[in-house]
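Read the figures in this text as sums done on the coordinates, not as results from a lab. The structure displayed is predicted, hence computed values, not measured ones.
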Amino acid sequence: MGLDASQMMELLRNSQTIAVVGISAKEDRPSHRVAAYLQRVGYRIIPVNPGLKELLGETCYPTLEAIPQEIPVDIVDVFRAADQTPPIAQEAVKIGAKAFWLQSGILSEESMTIARQAGLTAVQDLCLMVEHRAVADRL
């Protein structure tokens, strides 16, 4: 479930910081590749993984709520199993994120409902990198 092209461009144009939940330190993993791409095209990536201290030159946090309040998070990009995403959606709401994004293959209506009811843009089963590439020339 996605956004139309103009909504996608607006979200990507107005976002600066993306928290990547479930990011892997392994460069061949999709979570790492997507985060590295987004960083290369100008977004600040905030890695969220309790097993890591630093990744991609940024401090890694164990949870979304552990990210210091002075770092505003625009998009929460999630690489976790669908059944683990509702509490992450609740955390995204608590930290004041603008959007909650479940990567390709991850579907959770419960998470979408939590995010939408709190006013967040909610996307599931899409790759943020693929979507960015599709509209990048118009951003």
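May I ask you to work out the translational diffusion coefficient for the chain at 37 °C, viscosity 0.692 mPa s, via Stokes-Einstein with Rh from the Kirkwood sum over Cα pairs, reported in whole µm²/s?
224
By the gyration tensor of its Cα atoms, with a ≥ b ≥ c the square roots of the eigenvalues, what is the shape of the stretch 45-93: rounded for a/c under 1.5, prolate for a/b over b/c, or oblate?
Oblate is the answer for the stretch 45-93, as a/c is 1.5 or above yet b/c matches or exceeds a/b.
What length, rounded to one decimal in nm, is gained on full extension from residue 116 through to residue 71, with 0.36 nm per residue of separation minus their alpha-carbon distance?
Full extension of this stretch gives 14.0 nm more.
State the percent of C-alpha pairs, over all pairs in the stretch 65-107, separated by a distance greater than 13 angstrom. Display every interim value, and only then the final one.
Values: 459 of 903 pairs.
So the portion of pairs separated by more than 13 Å is 51 percent.
Go ahead and estimate [θ] at 222 nm for the chain from helices alone: -39,500 (n - 2.57) per DSSP H run with n ≥ 4, summed, over the residue count, rounded to 500.
Mean residue ellipticity, 222 nm, calculated: -9500 deg cm²/dmol.
For residue 53, which lysines qualify as cross-link partners when the Cα separation must be under 18 Å and same-chain residues fewer than eight apart are set aside?
26
Report relative contact order for the stretch 5-138 in percent, whole number only (criteria: Cα-Cα under 8 Å, sequence separation at least 6).
On the way: 239 pairs, mean separation 29.1, N = 134.
This gives 22 percent for the stretch 5-138.
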